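Reviewing the structure listed below.
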Amino acid sequence: MDTGNLLASAGEMQALDRKTIEEIGIPGAVLMENAGRATVAAMERHFGPAAGKRVIIFAGPGNNGGDGLVMARCLADRGALPSVLLVGDPARLPPDAARNWAILERLQVARRVIDPNAAWPTDWQEASSRPLHSVVDALFGIGLTRPLSGCYLAALHAMRDLARASACPIVAADMPSGLHSDTGAILGEAVQADLTVTYGLAKPGHLHNGGPRIGILEVADIGIPSQAAAAANLAGRLLDGRVLARLPPRARTSHKGSHGHVLVLAGSTGKSGAAILAAKGALASGAGLVSCALPAALLPIFATAVAEAMSEPLAASDHLAHADLAAVARLCAGKAALLIGPGLGRHPETAGLVTALYRERPEPMVVDADALNILAADREALAAPGGPRILCPHPGEMARLLDLPVPELQRDRLASAQRLCSLCGPHQPIVALLKGAGTVVAANKAAGGLWAVNSSGNPGMASGGMGDVLAGVIAGLLAQHHEPWLAACAGVWLHGAAADLLAKERPFGYTAGEVAAALPRLFADRRKKRQSPDSGEEQIC
Ligand SMILES: NC(=O)C1=CN([C@@H]2O[C@H](COP(=O)(O)OP(=O)(O)OC[C@H]3O[C@@H](n4cnc5c(N)ncnc54)[C@H](O)[C@@H]3O)[C@@H](O)[C@H]2O)[C@@H](O)CC1
Ligand SMILES: [K+]
């Protein structure tokens, strides 16, 4: 089983470690040995050979510190000049770490004990003319439970200042110390790593809020059997390029009718752009046909802006209203997916249409922007979806839906997305996003019960219209008969990856429309690779 993109919470990881050690019988010392060796290998791969250079290892009081002790031994063995600062009491180290401390003593590897209850020593740095290769953060890993303080905080500052003064990288063992491995919250202060080598499986804390502290993330195999990871039934997924492989290839003989028809309900006076961008997103993700039902006044603008989409004039007025319900119901016939919300506006008459469609339509539906705000004001409707729903709030919209201040819901973004799922009731497949750096995707039991954190995307996406494109991309994938879970995950990753393509070419910013235009390029390299073994037809994506 491909466990490469599983995510494990600290509790799940500790249970997996325990199962591997106590039930399967692979000693913890072997896991620790593998962790330390894998980290040294990654350090040299990224920052060059360590031989002849100093490496300062800040080791903490637990097994994360133990990883650092293994690293010291490996580095010495490879001709480097490691020096360990153990912030903790050697006599109270857990067994695997204690064993490695004793080995360092026997091998006479440079080391120093710093009493965590005393003041940080002023003479902690030894003078040396040898160049510094890197600094290792082995203070805390998944066992971190509270903000760093006292000597541990002083150790973080010493690490930071040393790395900065020597212009050399900081390598974090498992987690940058100070970062909570489940929520990605910064407990007090956190190490800013250039490389994080994590053990066994990535943790959600590496990715939440875009993982700003982790630098390059490498997931090291430390010998935890993949069948043990598979048997753990972990619900977390890391969203990366592997999600593309989940989108079945298209046969060459396919035609627009075989890739679904999306109905977009969007726009109001002054907000035609949202409807245009949503339609572009749906087209970009490969929907066969896209129709947009919008206020008649917006028709000419829309039709010129998105020539490939069809437009259906609704209300004569400048916003959609409950009076349009019968016309919209007729338009829903034959549609594989609906998207409601971008640019709808907050007119009271629009609310009646949104709640009626949300409650009555059986088609899979993406609910975004103003439609979310309308449902936030009508909890009864929110709890009674008429079919599969994918809700795409940003933190502000989530605050209204959960009736929580933004800082509070941001503290545990996964819990917030899961809470929104529960507000929609258990009867329909529900997928809830919480957008932002490291967009979170959560599914209720009826939609598979998994959760994911996205690894694509960049700060340049914080601009108008990005959300409209994302909602369109997801609706376009839904229309191609993908399950809500896959449509949401693939849509989120594709949207961020398209923006990453543009950011590489033009770091000074790009528009939402350009993200929609760039998105099909992500399928391009699959055209070269895919050649159907049986039918001989070239599968184009
Ligand atoms: N056998 C295993 O379980 C393995 C564990 N490994 C390493 O072990 C780590 C987990 O080790 P531990 O569970 O010992 O935990 P840590 O080494 O992350 O933390 C050590 C202890 O510090 C205490 N602590 C937490 N926050 C603190 C704070 N702010 N100030 C002071 N003390 C604090 C806690 O009691 C914690 O147990 C993993 O992250 C990984 O690096 C790896 O070596 C793989 C094998
Ligand atoms: K660490």
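The values are calculated or read from the model by the stated rules, or taken from the named source; none is laboratory data. These numbers come from a predicted model, not from an experiment. We place every Cβ from the backbone using ideal geometry, glycine too, and count neighbours over all the protein chains shown. In case anyone asks, the SASA skips ligands and DNA or RNA and just uses the protein heavy atoms, side chains included. Shrake-Rupley method; radii C 1.70, N 1.55, O 1.52, S 1.80 Å.
Quick look at the numbers
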read-out	value
A333-T122 pseudo-label distance in nm [points 7 Å out on the Cα-to-Cβ vector]	8.7
Spatial extent of the chain: Rg and Dmax, with the Cα atoms as the point set, Å	26.3, 86
For the chain: lysine pairs under 23 Å (alpha-carbon distance), excluding those fewer than 8 apart on one chain	15
Separation between Cα centres of region 100-128 and region 56-95, rounded to whole Å	9
Principal-axis tilt of helix 95-107 within the chain, Cα atoms, nearest 10 degrees	40
Helix 272-284 vs. the chain, principal-axis angle (Cα, 0 to 90°, nearest 10)	70
Relative contact order of region 6-234, pairs being alpha-carbon contacts under 8 Å that are 6 or more residues apart, as %	23
Difference of contour (0.36 nm per residue) and Cα-Cα distance, I24 to E105	26.1 nm
Antiparallel bridge percentage (DSSP; both residues within region 6-234; nearest 5)	5
Within region 193-299, trypsin sites (Lys or Arg not before Pro) in DSSP loop having at most 12 other beta-carbon neighbours inside 10 Å	R252
Crossing angle, helix 63-77 versus the chain [Cα axis fit, 0-90 degrees, rounded to tens]	60
Contour excess over end-to-end distance, with Cα ends at H427 and D378 and 0.36 nm allotted per residue	15.8 nm
Sites matching trypsin sites (Lys or Arg not before Pro) across region 84-126 that sit in DSSP coil, with at most 11 neighbouring C-beta atoms within 10 Å	none
Among beta bridges that DSSP assigns inside the chain, antiparallel share in %, nearest 5	15
Values of log10 I(q)/I(0), in the order q = 0.09, 0.15 Å⁻¹, for region 6-234 under a Debye, Cα-only, solvent-free model	-0.32, -0.93
Average accessible area per residue (Å²) across region 311-406 - probe 1.4 Å, nucleic acids and ligands excluded	35
Mean separation of Cα contacts under 8 Å (6+ apart) over length of region 378-523, as relative contact order %	19
Förster-model FRET efficiency, 60 Å R0, A91 and A296, C-beta, rounded to 0.05	0.15
25 °C / 0.890 mPa s Stokes-Einstein diffusion coefficient of region 35-104, Kirkwood radius on C-alpha pairs, µm²/s	206
Å² of accessible area per residue within region 6-234, as computed with a 1.4 Å probe and no ligands counted	40
DSSP loop GluC sites (Glu not before Pro) with at most 12 other Cβ within 10 Å: longest gap in the chain	309-541
Total charge dipole magnitude, the chain, about the Cα centre, Cβ charges on Lys, Arg, Asp, Glu only, Debye to nearest 20	740
Interchain or long-range residues, amide H under 5 Å from A172's placed H	D137, D194, L195, T196, V197
Additional length obtainable on full extension of the chain from A307 to R112, 0.36 nm per residue less Cα span	63.2 nm
Relative contact order of the chain, defined on C-alpha pairs under 8 angstrom at six or more residues apart (%)	12
Carbon/sulfur fraction of accessible area - the chain, other protein chains in place, 1.4 Å, %	55
Simple label model, 7 Å out from Cα along Cβ direction - A167 to L450, nm	4.4
Span from the region 433-493 Cα centroid across to the region 257-298 one, whole angstrom	18
